[in-house]
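Peer 1: This structure is in structure tokens; I'll ask about it shortly.
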Amino acid sequence: MKSTDGSRRGALDNKGMRLGALVLALAAILALAGGASAHRTTLPAGAAQVAAMLHGIPQHGTALGRSTAPVTLVEFADLQCPYCARWEGSVLPDVVRRYVRTGKVRIVFSGMAFVGPDSLKALRTVLAAGLQNRLWNVVALLYRNQGAENSGWFTDSLARRLGASVAGLSVARMLADRTSRAVDTQLGAAEQLAATARINSTPSLAAGRTGSSLHVLNAIAPADVRAELDALLRG
């Protein structure tokens, strides 16, 4: 009788050990799955769409598209401006698909910083990304994750999060380059271009044959932009 009870207790102990091991294994699997899910949710809004929109299109500094494109379009924008974000989300994808990706148009970002401190900090960040030829990725992501004007929404944490989602971008270098002489030079050039074109609101657009003078567009609705670009391409 003692031997039988001992065998039963041994069998129960082994069963309990196996059950405990199974529970621990299941907990580990759930922890790993939860970690993977948390990692996925850290991707900024629009990361996949931005990557798809810009995939394979050459970038050089502030320019998106082939240097041989016959027409150049300049976008004057403040990264805090909600109307700029709306234009970027509703019009730019169509321009990229119809004209930039096909080699007809090169688009240049000319940043402005008149809304407030977050404007300048964000602008320095995207220009620093441009030193690695990733400006347009960060610009598009910024607009999709834009906060309320002058609320302090643009933080280093947000910059790191956006930058980490851009393939080929060194986030550490981007943050370090924000105060570089190269970025200072580009800020000055953008201010001069805006002054020459007499830009006093954002978003504003200017276009022309590449290498020739630009003229400011009177309207920036999708149909108007297409009509302007088509006329320049014909001319």
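Peer 1: Between the alpha-carbon centers of the range 171-232 and the range 77-95, tell me the distance in whole angstrom.
Peer 2: Comparing the Cα centres of the range 171-232 and the range 77-95, I get a distance of 13 Å.
Peer 1: About its Cα centre, how strong a charge dipole does the range 62-200 have in debye, to the nearest 20, once Lys and Arg get +1 and Asp and Glu get -1 at the Cβ?
Peer 2: On the way: 17 positive and 10 negative charges, 109 e Å.
Roughly 520 debye for the range 62-200.
Peer 1: Sum up the charges of everything whose Cβ sits under 15 Å from the Cβ of Val183, counting Lys and Arg as +1 and Asp and Glu as -1, but leave Val183 out.
Peer 2: Working: positive: Lys121, Arg124, Arg134, Arg173, Arg178, Arg181; negative: Asp177, Asp184, Glu191.
So the surrounding residues net to +3.
Peer 1: By counting other Cβ atoms within 10 Å of each Cβ, how are Leu135, Leu43, Leu169 ranked from fewest to most? Write down the numbers at each step before the final one.
Peer 2: Details: Leu135 26, Leu43 14, Leu169 20.
The fewest-first ordering by Cβ neighbours comes to Leu43, Leu169, Leu135.
Peer 1: Put +1 on the Cβ of each Lys and Arg and -1 on the Cβ of each Asp and Glu in the range 47-234; which of Val171, Leu120, Gln59 then has its Cα farthest toward the positive end of the dipole?
Peer 2: Ranked along the dipole, the leading option is Gln59.
Peer 1: How much net charge surrounds Thr210 when only the other residues with a Cβ under 12 Å from the Cβ of Thr210 are counted, with Lys and Arg +1 and Asp and Glu -1? Could you put the intermediate results ahead of the total?
Peer 2: Values: positive: Arg66, Lys104, Arg106, Arg209; negative: none.
The answer is +4.
Peer 1: Still on this structure: Can you tell me how much longer the chain between Leu43 and Asp94 gets when fully stretched, taken as 0.36 nm per residue apart minus their C-alpha distance, in nm with one decimal?
Peer 2: Details: separation 51, 0.36 × 51 = 18.36 nm, distance 2.41 nm.
Value of the extension gain: 15.9 nm.
Read-outs: derived from the displayed coordinates by stated rules, not from any lab. Quick caveat: nothing in here was measured; it's all calculated off a predicted structure. Note: ideal-geometry Cβ built from the backbone for every residue, glycine included; neighbour counts use all protein chains shown.
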